[in-house]
Amino acid sequence: MPDFSLTAEQEGVRDLARKFAKTEMLPKAAEADRLGRFPEEVLRKAWELGLMNLNIPSEYGGSGLSLLDQCLIVEELAHACGGMTTSIIANCLALEPILLGGSPEQKSRVLSPFCGSYNIASFCLTEPSGGSDAGGLLTRARRDGDHYVLDGEKCFITNAPHASLYTVFATTDPALRHRGICAFYVPRSTEGVVPGKEEEKMGHRASSTSTVRFEHATVPVSQRLGAEGDGFSIAMRTLDQTRTPIGALATGIAQAAVDYASEYALKRRTFGKPIAEHQAIQIKLANMAQAVHAARLLTWQAAWTIDHGKTGTLESSIAKCFASDAAMQVADEAIQVFGGYGYMKEYPVEKLLRDAKLTQIYEGSNEIQRIVIAREHLKAYA
Ligand code: COS
């Protein structure tokens, strides 16, 4: 930065993702949304094209993409369907704790199968008692010789019903708060691992979400990531990495809203001319275009910062928070440009609003992002 040109390789991956989104995702998006159907065939094709597991380095069989490359892909996918995109990139979230906290042996054992064949993993942090206070989680990990016994419930877990592996955060003692938290990888085949029923959601309906219960699930110590008590740091550093692609996902939804609204405004006529010629509509489109532009630039800057070896805690929270708020505003305005038609399910924009809403909530609500931003910001003044 500030060189905003993309390399030929980056143009290539973006074009690949754009074509996949247009040909494989978009034609199925409305139906998957209506039925609340997880389109496994789309995910399998995404995997075949190398559009899943974007964060796995080449030494483990992954594509070794930079975070900026990943964001280029995610924005294109989300332009077609936010829900499918959430499911496609959920492996990145679930596998990041292994990349950050795993030993070379654990990485090789766990990550390689995801590149060798189609497999799903889920990230299990949030609990029914509260998602924002991650340090207050209650799922217990009781040490028993060379094993831990896990007991507790996780909720709102993306792709959980389809996963073969879970990354799980549990505490040896809730009184220790974040210092008691450990991270584990837990195969679905482990006795006592029980995914729950699918949630009925407002948006992201092509993405699958459920609870996961751990009922005396026995996990060898060798499946712990890092040392006892490292779990909270692993979770936070994971979210530092993965919030930036959520900025890209929100940008993709917002760009779709601008595109639909602009095309419609040029075709729809009132008072004897296309509504795009009315200043009231032009001002809306100008504000929408600005918001998308700013969301993309903040997302690229956060990705660039992390790609250059910095933690990116501040930048990734700003990108996620700004882009998701922008997606919500822009989708709302797109409906307004469409008028009554925008409110109808026959047109694509009401889905964008429902999909945008989740981006303000998941991977840390935007209230949490503002706490993170304020804390990071104030460090410079302390
Ligand atoms: N990277 C590394 N370490 C971090 C960190 C980060 N980004 N953020 C915090 N830490 C460390 C702190 O430095 C502190 O370490 P010490 O004990 O050595 O001092 C420790 O973690 C505790 O941090 P803090 O005091 O800030 O913890 P809080 O309980 O106040 O919570 C927030 C911090 C709110 C930021 C955290 O709970 C959070 O991110 N919540 C949202 C969780 C979330 O996003 N859930 C969505 C799940 S995915 S759908």
Query raised in the report: Going by the alpha-carbon gyration tensor, a ≥ b ≥ c the square roots of its eigenvalues, is the chain rounded (a/c under 1.5) or, if a/c is not under 1.5, prolate (a/b greater than b/c) versus oblate?
Result: prolate
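If each residue of separation counts as 0.36 nm, what is the full-extension length gain between His216 and Glu198 once their alpha-carbon separation is subtracted?
Working: separation 18, 0.36 × 18 = 6.48 nm, distance 2.25 nm.
Once the chain is fully extended between His216 and Glu198, it gains 4.2 nm.
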Query raised in the report: Once the Cα atoms of helix 313-338 and of the chain are each reduced to a long axis, what angle between those two axes, in degrees from 0 to 90 to the nearest 10, is obtained?
Result: 40
Query - Stretchable slack from Leu138 to Asp3, in nm (0.36 nm times residue separation minus alpha-carbon distance) - result: 44.0 nm
Requested in this report: For the range 331-382, run through the trypsin sites (Lys or Arg not before Pro) and keep only the ones in DSSP coil with at most 12 other Cβ atoms within 10 Å of their Cβ.
Outcome: Lys345
Report task. For Asp173 and Ser189, calculate 0.36 nm times their separation in residues minus their Cα-Cα distance, and state this gained length in nm to one decimal. Result -> 3.2 nm
Query raised in the report: What longest region of the chain stays clear of chymotrypsin sites (Phe, Trp or Tyr not before Pro) that DSSP places outside H, G, I, E and B and that have at most 12 other Cβ atoms within 10 Å?
Result: 5-270
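For a quick check: sort Met328, Met84 by the number of other beta carbons within 10 angstrom, fewest at the front. Intermediate results must be reported in sequence, preceding the final value.
On the way: Met328 24, Met84 28.
Neighbour counts put them in this order, fewest first: Met328, Met84.
Estimate the FRET efficiency between Ser112 and Glu48 by the formula 1/(1 + (r/R0)^6), using the beta-carbon distance for r and 25 Å for R0, to the nearest 0.05.
Numbers: r = 17 Å, r/R0 = 0.68.
Rounded to the nearest 0.05, the efficiency is 0.90.
How large is the dipole of the range 8-115 about the Cα centre if only Lys and Arg carry +1 and Asp and Glu carry -1, each at its Cβ, rounded to the nearest 20 debye?
Charge dipole of the range 8-115: 260 debye, to the nearest 20.
Relative contact order of the chain, please, whole-number percent, based on alpha carbon pairs below 8 angstrom and at least 6 residues apart. Provide the component values of the computation, followed by the final result.
Details: 765 pairs, mean separation 63.2, N = 382.
Normalised by residue count, the contact order of the chain is 17 percent.
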Report task. Could you work out the local net charge near Gly342, counting Lys and Arg as +1, Asp and Glu as -1, over the other residues with Cβ closer than 15 Å to its Cβ? Result -> -1
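Read the figures in this text as sums done on the coordinates, not as results from a lab. Not measured: the values here are computed from a predicted model. Cβ atoms come from the backbone with ideal geometry, glycine included; neighbour counts cover every protein chain shown.
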